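A quick write-up on the structure given underneath.
Every number here is computed from the coordinates shown, using simple stated rules; none is lab data. As the structure is a prediction and not an experimental result, all values here were calculated from the model. Cβ atoms come from the backbone with ideal geometry, glycine included; neighbour counts cover every protein chain shown.
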Amino acid sequence: MESIFIGIAITVIAMWFTANYTEKGIGSMSEATRQFSLFFLNKAPAGLVDLFEDKPGSGARTWINFGMLWFVFSSICGFLGLWHHYDPTALDSLASIGWAYDNGDALTATTTKFLGVAVFSTLVGAGLVSISRSSNGKMASEASASLSAFLFTLTTIVAALLPSLLGLLGQDIDSAINIVLIDAISKLAVAMIVAGLFVNVLLTVANRGDEDVSTSAWFLIFALLTFILSMFLGFFGELAGSTQTVWLAGQMGSSWVILALIFSAAYHIIPMTSGIPIWSASMRQANLFLLFITLPPFFIASASASTTLLNLGAIVMTLGLLPIIAGSVNLLFTASGNTSAIVKNPGALAATLAMVLLPLYAIGAFFTGMDVFLGTGKLGDMATTLDMGFLWTVGGLMILSGAYISHPLACNKELSEPSKANLTVWFVLFGGFASTITNLIGDFTIQAVANSGVEDAVAQTEGFYLVGAALFYFTAIGAIMATLIVIRTSASKLTSSHPQTSVSDINTYNLGDGTTTIRTLLGRGVGVDTTLVVGGMEEDEGGSTVIAVSAALHDDEVTEFPEEEVVEEVVEEEQSEDSGNELTMLADYLADSGQTIFQFFKAIDLDDSGMIDTYEFQMALKSSKVANLPPWKMDSLVAAIDIDGDGQINLPELSIAIAKVRKENAAKESTPEVEVPSKVQLNKMKKAELVEIATSLGLDASGTKNDLVRLISEA
């Protein structure tokens with residue numbers, strides 16, 4: 001196990017140096033190193049890089065395009081593999097062209113590899129969109145990024161076809177030496193290609209200006225670095241015959257890299273779509289830090305080691321659940337801050353559903369992976385089924401997320417056919433998850449019969465595998481439809497309303513009570529251009545809304561409201577049944593959140609009918625924390641706004657009601673208050689002065705001087 005510890009130490013040290021110099025730079029050598037790296041990216045290999053355009057977003061678009069093609073190809077292979085698992089003779093007709101599958105292992109391995117390439121390519125493209133949006137809207141070299149995508153795809157194809165080509169040339173491809181040599185060379189080639197992309201990413205992040213390095217960028221940087229190190233460790237491990245080093249390289253490339261890319265895309269897509277900062281900075285840090293020092297439960301291979309080291313590995317694998325659950329929960333709470341925006345966007349919906357399923361797959365893979373890791377063999381093929389289910393379902397949903405959000409951003413186009421895109425999300429979700437459950441039942445049946453000890457017992461599992469293959473057909477159809485949508489989006493003439501420029505994804509951020517730091521705000525996705533709103537709205541136990549000044553970032557000159565005044569204000573609001581109070585609070589909410597009446601109306605008009613019924617308006621007031629009114633109060637409120645008396649509210653009616661309330665409030669604020677003198681001062685005044693004061697206060701000005709003093713002092 002010494003080689004494993006050496007490999008982990010090299011990886012941790014490389015990550016530390018990368019994080020340190022990404023954050024602080026390399027001093028006086030920064031400019032020289034930057035110029036040399038840019039020359040390397042833009043000129044090497046000579047002539048080949050000039051074949052690709054250097055327009056903003058072209059690099060990310062190329063990666064995503066190749067990823068979608070791999071997704072279609074792998075989904076077709078996956079469907080054939082599942083059908084072959086049900087019927088081993090299904091592919092016998094391919095023997096006429098030289099293909100023969102005895103047990104389908106070759107097809108399963110090919111499908112796994114191509115699906116991994118699809119997830120890697122698409123999510124790398126999504127990550128490039130994320131870092132370019134915070135770095136002047138452009139990669140350091142878009143042409144080099146496109147070239148790396150092309151070479152990565154070409155190398156993958158050559159590595160897959162090379163054994164067959166050598167066989168046609170009469171070479172002994174079954175020789176163990178030849179197999180190891182081909183695998184080692186392909187690993188080295190891929191590592192060099194991704195290393196060029198890694199340099200490109202670092203240069204892009206260096207152009208971020210005053211922005212802090214985003215969470216999405218950190219995950220992408222560490223994912224690429226881990227991938228490069230895993231390829232080099234695999235290369236040297238293959239040449240040296242070190243099975244432990246090869247084992248570590250396989251775990252790094254199959255679990256760390258995939259999970260880091262998934263979180264890289266999710267930490268950009270979900271906060272950007274919802275407009276809500278990352279929910280918890282501490283959970284984000286735990287997600288980022290613990291992911292690379294623990295052992296995720298996916299794609300676990302058997303380890304041959306002593307009992308002590310196996311126990312240590314089991315503990316590390318158990319801790320590997322923490323960053324996965326922390327990241328998923330953090331992103332789900334972030335999405336819950338603006339659920340309507342998430343549901344309306346197919347890409348954000350896919351990413352959110354992926355975060356829902358990720359902990360479920362992780363827990364299932366933990367138990368099956370532990371069985372494989374310890375070598376007990378009590379759970380049979382269930383570990384492989386869960387790993388592939390994770391890649392198809394969670395990975396497939398994240399592929400759609402990158403295709404439906406990051407790709408339109410890279411193209412500066414609007415997504416084509418959002419309704420069909422939404423349908424593909426449910427196709428991939430249903431096909432991947434349902435086929436996983438069905439195949440798990442079949443695997444469990446086989447293992448239960450095998451462990452029963454009954455001789456000549458046969459497990460009847462053909463029905464499970466048949467249903468699993470049929471259900472997976474939805475995933476294949478969803479992949480094909482999604483690729484067509486991506487093609488139509490590229491060819492669309494609808495320009496996006498979110499251009500590929502340097503922007504902050506969080507426009508406004510409400511500061512609550514308590515203390516905070518600038519570093520914490522930056523870690524939650526707040527940018528230098530984000531508007532900080534000091535003072536927010538919080539829900540009282542009685543259901544009324546209290547608006548107060550937050551103490552988070554105020555100076556010593558601000559006087560906070562006394563607690564007695566706040567309580568008195570809550571009591572007055574709870575006792576009021578006048579609909580004008582709720583309209584005033586709604587007007588204040590729109591002003592504080594920076595929303596127009598049109599934006600608010602469109603957000604709550606879920607069926608796009610142009611009309612809002614009582615229930616929709618009630619839910620909108622509740623979700624925005626304006627007021628939580630019972631149905632009988634909602635009826636009176638709607639009646640006060642409903643001009644034509646049809647029982648529903650349209651946009652002009654709501655605009656008129658809000659404008660009227662704002663006008664009345666402005667009139668009240670502009671009316672100067674009359675200062676009433678004290679009783680001692682009144683006694684010193686003349687009667688004429690007392691009459692003038694009484695008249696201004698609307699009091700009866702008749703009577704004696706004493707009567708006037710008494711009336712004014714009691715007013």
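The stretch between R488 and L651 holds 55.3 nm of extra length on full extension. This uses 0.36 nm per residue minus the Cα-Cα distance. Of V199, V449, V119, the sequence from fewest to most neighbouring Cβ atoms within 10 angstrom is V449, V199, V119. A simple spin-label model places the labels of S336 and S304 4.8 nm from each other, with each point 7 Å out along Cα-to-Cβ.
In this label model, E664 and K679 are separated by 3.6 nm, measuring between points 7 Å along each Cα→Cβ vector. Fewest neighbouring Cβ atoms within 10 Å first, the residues E616, E53 line up as E53, E616.
Neighbour counts of other Cβ atoms within 10 Å put Y267, Y465 in the fewest-to-most order Y465, Y267. Placing a pseudo-label 7 Å from each Cα along the Cα-to-Cβ vector at L322 and F39 gives an inter-label distance of 4.7 nm. Here r is the Cβ-Cβ distance between A19 and S282 and R0 is 22 Å; the resulting FRET efficiency, rounded to 0.05, is 0.75.
Listed by chain and number, the lysines whose C-alpha is less than 17 Å from the C-alpha of K686, apart from same-chain residues fewer than 8 away, are K705. Can you list the residues of the range 337-360 with backbone N under 19 Å from a point 7 Å past the Cα of D608, pointing along Cα to Cβ? Only 339-350 pass the distance filter.
Take the Cβ-Cβ distance between S713 and K344 as r, set R0 to 60 Å, and report the resulting FRET efficiency rounded to the nearest 0.05. Efficiency at R0 = 60 Å is approximately 0.50.
Summing charges over all other residues whose Cβ lies under 15 Å from the Cβ of P297, with Lys and Arg as +1 and Asp and Glu as -1, gives -2. Counting 0.36 nm for each residue step from I76 to K378 and taking away their Cα separation leaves a gain of 105.6 nm.
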